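Asks: First the structure, which I've put down as structure tokens, then a few questions once you've had a look.
The values are calculated or read from the model by the stated rules, or taken from the named source; none is laboratory data. Since we're looking at a predicted model, the values are computed, not measured. Cβ coordinates were reconstructed from backbone atoms using ideal geometry, including for glycine residues, and neighbour counts include every protein chain displayed.
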Amino acid sequence: MKIYLAIITYLDPSTWQTGTLYFGSKGYTSQPGDTPAANQYFDGRLKVSGDYDAHVFRDGLTAGMGDGGFGKIRVINKDGAYDRLKNFCFDGQSITILRGDDKAALSTFRTVFTGVMCTPSVTWSFVDFQIRDYTTLLATPISWMAFLGNNVPFSTGIEGTTDDLINKSKPLGLGYNRGATPALVNATNSIWMLHGYGRIQSVVAVTIGLIAQTLDTSQGTNGDCATLDALYAATPAAGKYCTCLALGLIRLGSGTGNAVVTCDFRGDADPAFGGYAGTVPQILQRIVQKYVRKPRTNFLAAGSDQFSSWSASGGMVVGGPASIAPLPGMNTAQLTGGAGAALSLNVAYPTNLANGSLYVQGTGSVTLKIADAGAPTNCFFLTFNLATGAITDLQTQGQALGPQYTVSGFVTDGNIQIAPNGYWRIWTCGQPNQSFTNVLVSLVKNDSQPVNVAGPMLTNLRTPPAYTAPGATAYDPPLGLTIDAASFAAVSAAVTAEGGYYVPAGDTTNISDVMNGLCVGPSLWFIFNRVGDMICGQLAKPSATAAPKRVFYPTRNVKGSFDWQPFFQSTDQSPAWRIVVEGDHNNSPMNKADIASTLWTGNPLLVAWATNEWRQVLAQDDSVRYVHLLACELKFTSYLSSLADCQAHAARMLAFYSSPPGRYALTVTDEDADDINVGDTVAIVQTRLGFGNLAVNALVLGISDNRENGKTTLTLAALPPAA
């Protein structure tokens, strides 16, 4: 007997511990040594076992992220045994749905859905869970790092000031971008930021009011400064610029006045992720690998949460563990000593933004300080009264760390959080000077009251994330995304066109919108398959020679009608005779008045380019209109970087849409389709609609499961041999 099993994770906010629930459409116990759970009983309360719905190019035209990937599971709760679930946190937690034989080992079950949970509704008889695939993780802004606004007045810093950039998101450049407007991060030194997320590949051109600036190769190494200190020391000549590719920065040698500064550049080239990502498939992978999951690394040395490696001074005494920890399994220590007693740790720190946090329990006053180990007066700190829960001081000392932007003192940021078991989590954050090579993390007692400490953490985030053990890296969201390597490899081999997408400072464009925009050019799609991997493909006619994953016969598998409709929905449902593609995006179209007047007559082609956002190419076939009198024109806006690639795409799309495949709906048993994914090739044997009782290959564009009636409807693209 075929049954469904559901494995669901949750977080209990009362203990901060995670747990797992196991349900089945029938009671089931896994075998000893079985995977993924041995000797595990699945409570037979699963009434609705979750539908899987996934479609790409549902309208036949829209590239990018597929839609669907949602459903519901229902757990029987008439005896109230699972009323407690209303107290747990399920949103964002994982769910896996399996299908198999109730007499077989769990390891033989097939995964039919993997995704995330939403908050359940608990009624008198049921617990209903809404489920989603991982597309929900893409509905967040791609640029998540914010400017701190703490530059040293008239001196150093690349975080802007409280008057301009504070709290705005940093710019981000992917692939090749033209006419990008950088953020002025240091007006004193005319330093501009193109990309706030590490190394970029190259700066191709810089203009002020469209007047070209040239690279000053006398600065740094052939015009590139390896560090921020070197960029500070650089003196590019008037009309020239130099770069700091490692930090995505340029420095101008001329004043800009009110003129617009624009740059052509190749963006994210992070060596940690393989260097420059230039083609559209490469950029899509870079987004998933780097910008969906935000790393949270505790840069303290492994084991330092036991405090044995910390240095005690000023009469600080480090005692044994406290009677209770803020979180299960966390190491603690009891600290005694008078005012001025300190516990410190010297850390080799790789970044210029530091956030220190610590869990503290007691009734006295303590100070958490982050300092330059070589010059301890350069520091920022937070002083906290454990008895009242009040912050009594927030400061930075020394110009290296920047000015105040709160009324209470000189500080970058700092706050407190209530933690379990009577603990507070205190934290402070600032921007150490670029010359820092080591950071000194210290906890200082301000009176003789004993305190308990736990969970020291040093990160490069502006506010402290969920706790991560020293020396460890975790991610937000913890589930992350997995790329289907085979599908991305195939698309990467087929699509070599360079693309680009620029997100300027303060822009809140979502990850999904960036990925969708990039997909339009080469007509790519992406979606999550049944096991939760992101798969990617290119819109194409089905291959007649591909080996089908399954053959569907009308008397054996098919459990419903077999329907045809046009592949895409135009006004009159007619093919396309002309394709228009926009590309070669100008990120900062200018008014003619903003352009130096000498260029109006001296370089009118450049002026024409600068005053328009997009360039257009087209491909057309007049013969299509001889057959289809109502043939249509289709227009696509792409982020392909060159007009030549846009032209090639237009020709490819004309070949597809002037004689598109048919769109077919085929209903089959869910058992025959529970391993079918979007992008698979299947074969159809039919006597009608031109199939001639032959096995004709079709490309799967959509899947809709209905677990209650045991049927799955497949949306297919096919070209039968006869009309």
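Asks: State the number of residues belonging to region 88-115 that are charged (D, E, K, R) and assigned to a strand (DSSP E or B). Show your work before the answer.
Replies: Step one: of region 88-115, the residues charged (D, E, K, R) are 91, 99, 101-103, 110.
Next, from what is left, pick out any that are assigned to a strand (DSSP E or B): 99, 101, 110.
The qualifying residues number 3.
Asks: Any residue at all in region 101-120 that is at pLDDT below 95, in contact with a helix residue (DSSP H, G or I) (Cβ under 8 Å, 6 or more places away or on another chain) and charged (D, E, K, R)?
Replies: Yes, some residue in region 101-120 is at pLDDT below 95, in contact with a helix residue (DSSP H, G or I) (Cβ under 8 Å, 6 or more places away or on another chain) and charged (D, E, K, R).
Asks: Could you name every one of the strands (runs of 3 or more DSSP E) located completely within region 1-87 that has at least 3 residues being surrounded by fewer than 18 Cβ atoms within 10 Å (Cβ to Cβ) and either among the small types (Gly, Ala, Ser) or at pLDDT 90 or above (or both)? Please lay out each step first, then the result.
Replies: Details: elements: 2-12, 17-24, 46-49, 53-55, 70-76.
In region 1-87, 17-24 are the strands (runs of 3 or more DSSP E) which contain 3 or more residues that are surrounded by fewer than 18 Cβ atoms within 10 Å (Cβ to Cβ) and either among the small types (Gly, Ala, Ser) or at pLDDT 90 or above (or both).
Asks: Let me ask you something else. What strands (runs of 3 or more DSSP E) completely inside region 136-201 contain at least 1 residues that are modelled with pLDDT of 95 or more and farther than 29 Å from PRO465 by Cα?
Replies: Details: elements: 172-180, 183-186, 191-193.
Those strands (runs of 3 or more DSSP E) span 172-180, 191-193.
Asks: Taking ARG688, is it in contact (Cβ under 8 Å) with a residue 40 or more places away in the chain, in a loop (DSSP other than H, G, I, E, B) and either not assigned by TED's automatic domain parsing to the domain that holds HIS585 or not hydrophobic (A, V, I, L, M, F, W, C) (or both)?
Replies: Details: in contact (Cβ under 8 Å) with a residue 40 or more places away in the chain: yes; in a loop (DSSP other than H, G, I, E, B): yes; either not assigned by TED's automatic domain parsing to the domain that holds HIS585 or not hydrophobic (A, V, I, L, M, F, W, C) (or both): yes.
Taking the combined requirement at face value, the residue satisfies it.
Asks: Looking only at residues that are in contact with a Pro (Cβ under 9 Å, 6 or more places away or on another chain) and crowded, with 23+ Cβ neighbours inside 10 Å in region 144-154, which one is nearest to LEU21 (Cα to Cα)?
Replies: ASN150
Asks: Report the residue count in region 128-140 for those that are among the hydrophobic types (A, V, I, L, M, F, W, C) and either out of contact with any strand residue (DSSP E or B) (no Cβ under 8 Å at 6 or more places or on another chain) or under 12 Å from PHE90 (Cα atoms) (or both).
Replies: So the first thing to find is which residues in region 128-140 are among the hydrophobic types (A, V, I, L, M, F, W, C), and the list is 129, 131, 137-139.
Subsequent filtering for residues that are either out of contact with any strand residue (DSSP E or B) (no Cβ under 8 Å at 6 or more places or on another chain) or under 12 Å from PHE90 (Cα atoms) (or both) retains 129, 131.
Matching residues across region 128-140 total 2.
Asks: Run LEU606 past the list (1) under 37 Å from the mean Cα position of the chain (by Cα); (2) closer than 30 Å to ASP670 by Cα; (3) not basic (Lys, Arg) and report the number of the one that doesn't hold.
Replies: Of everything listed in (1) under 37 Å from the mean Cα position of the chain (by Cα); (2) closer than 30 Å to ASP670 by Cα; (3) not basic (Lys, Arg), LEU606 misses just condition (2).
The rows are residues; the columns are (1) modelled with pLDDT of 95 or more; (2) within 35 Å of the chain's Cα centre (by Cα); (3) not hydroxyl-bearing (Ser, Thr, Tyr).
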{"residue": "VAL617", "(1), (2), (3)": "yes, yes, yes"}
{"residue": "GLN620", "(1), (2), (3)": "yes, no, yes"}
{"residue": "TYR626", "(1), (2), (3)": "no, no, no"}
{"residue": "LEU629", "(1), (2), (3)": "no, no, yes"}
{"residue": "CYS632", "(1), (2), (3)": "no, no, yes"}
{"residue": "TYR639", "(1), (2), (3)": "yes, yes, no"}
{"residue": "CYS646", "(1), (2), (3)": "yes, yes, yes"}
{"residue": "HIS649", "(1), (2), (3)": "yes, yes, yes"}
{"residue": "LEU654", "(1), (2), (3)": "yes, yes, yes"}
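Asks: With the checklist (1) without any contact (Cβ under 8 Å) to a residue 24 or more places away in the chain; (2) not in a loop (DSSP other than H, G, I, E, B) in hand, flag the one item GLU671 doesn't pass.
Replies: Checking GLU671 against (1) without any contact (Cβ under 8 Å) to a residue 24 or more places away in the chain; (2) not in a loop (DSSP other than H, G, I, E, B), the one that fails is (1).
Asks: Return only the number of the condition from (1) modelled with pLDDT under 95; (2) in contact with a Phe, Trp or Tyr (Cβ under 9 Å, 6 or more places away or on another chain) that TYR232 does not satisfy.
Replies: Result: TYR232 fails condition (2) only.
Asks: I'm checking my understanding of the structure. Among residues of region 553-608 that are of a type in the set (Val, Ile, Thr) and part of a strand (DSSP E or B), which one is surrounded by the most Cβ atoms within 10 Å (Cβ to Cβ)?
Replies: So in region 553-608, the residues of a type in the set (Val, Ile, Thr) come out as 555, 558, 571, 579-581, 595, 598, 601, 607.
Remaining after also requiring part of a strand (DSSP E or B): 558, 579-581.
Values: VAL558: 18, ILE579: 24, VAL580: 18, VAL581: 29.
Here the residue is VAL581.
Asks: Collect the residues in region 243-281 that are assigned to a loop (DSSP other than H, G, I, E, B), within 18 Å of the chain's Cα centre (by Cα) and aliphatic (A, V, I, L, M), keeping them in residue-number order.
Replies: ALA269, ALA277, listed by residue number.
Asks: Something else now. Quick check on region 665-723: of everything there that is modelled with pLDDT under 85 and hydrophobic (A, V, I, L, M, F, W, C), which residue is surrounded by the most Cβ atoms within 10 Å (Cβ to Cβ)?
Replies: Looking at the filtered set, the residue picked out is ALA722.
Asks: Next question, about the same structure. Specify the residue that is nearest to PRO660 (Cα to Cα); the eligible residues are those in region 609-622 that are among the charged types (D, E, K, R) and assigned to a loop (DSSP other than H, G, I, E, B). Please lay out each step first, then the result.
Replies: Of the residues in region 609-622, the ones among the charged types (D, E, K, R) are 613, 615, 621-622.
Still in the list and also assigned to a loop (DSSP other than H, G, I, E, B): 613, 621-622.
Details: GLU613: 31, ASP621: 14, ASP622: 16 Å.
Applying the filter and picking the extreme gives ASP621.
Asks: Look through ALA718, ALA655, ALA644 and report the one residue that is among the hydrophobic types (A, V, I, L, M, F, W, C) and touching a residue at least 40 places away in the same chain (Cβ under 8 Å). Spell out how you get there, then give the answer.
Replies: Values: ALA655 fails: touching a residue at least 40 places away in the same chain (Cβ under 8 Å); ALA644 fails: touching a residue at least 40 places away in the same chain (Cβ under 8 Å).
Only one candidate passes the filter, namely ALA718.
Conditions (1) within 25 Å of THR297 (Cα to Cα); (2) surrounded by fewer than 23 Cβ atoms within 10 Å (Cβ to Cβ); (3) in the same structural domain as ALA6 (by TED's automatic domain parsing), marked per residue:
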residue: VAL444; (1), (2), (3): yes, yes, no
residue: PRO450; (1), (2), (3): no, yes, no
residue: ALA472; (1), (2), (3): yes, yes, no
residue: ALA489; (1), (2), (3): no, yes, no
residue: THR509; (1), (2), (3): no, yes, no
residue: MET515; (1), (2), (3): no, no, no
residue: ILE527; (1), (2), (3): no, no, no
residue: SER543; (1), (2), (3): no, yes, no
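Asks: Then there is this: Consider only pairs whose beta carbons are under 6 Å apart and that are at least six residues apart or on different chains; among these, list those whose first residue lies in region 220-239 and is more than 23 Å from GLN201 (Cβ to Cβ) and whose second residue is of a type in the set (Phe, Trp, Tyr).
Replies: none
Asks: Does TYR639 meet the test of being in contact with a Pro (Cβ under 9 Å, 6 or more places away or on another chain) and surrounded by 14 or more Cβ atoms within 10 Å (Cβ to Cβ)? Lay out the reasoning, then the answer.
Replies: On the way: in contact with a Pro (Cβ under 9 Å, 6 or more places away or on another chain): no; surrounded by 14 or more Cβ atoms within 10 Å (Cβ to Cβ): yes.
It is false that TYR639 is in contact with a Pro (Cβ under 9 Å, 6 or more places away or on another chain) and surrounded by 14 or more Cβ atoms within 10 Å (Cβ to Cβ).
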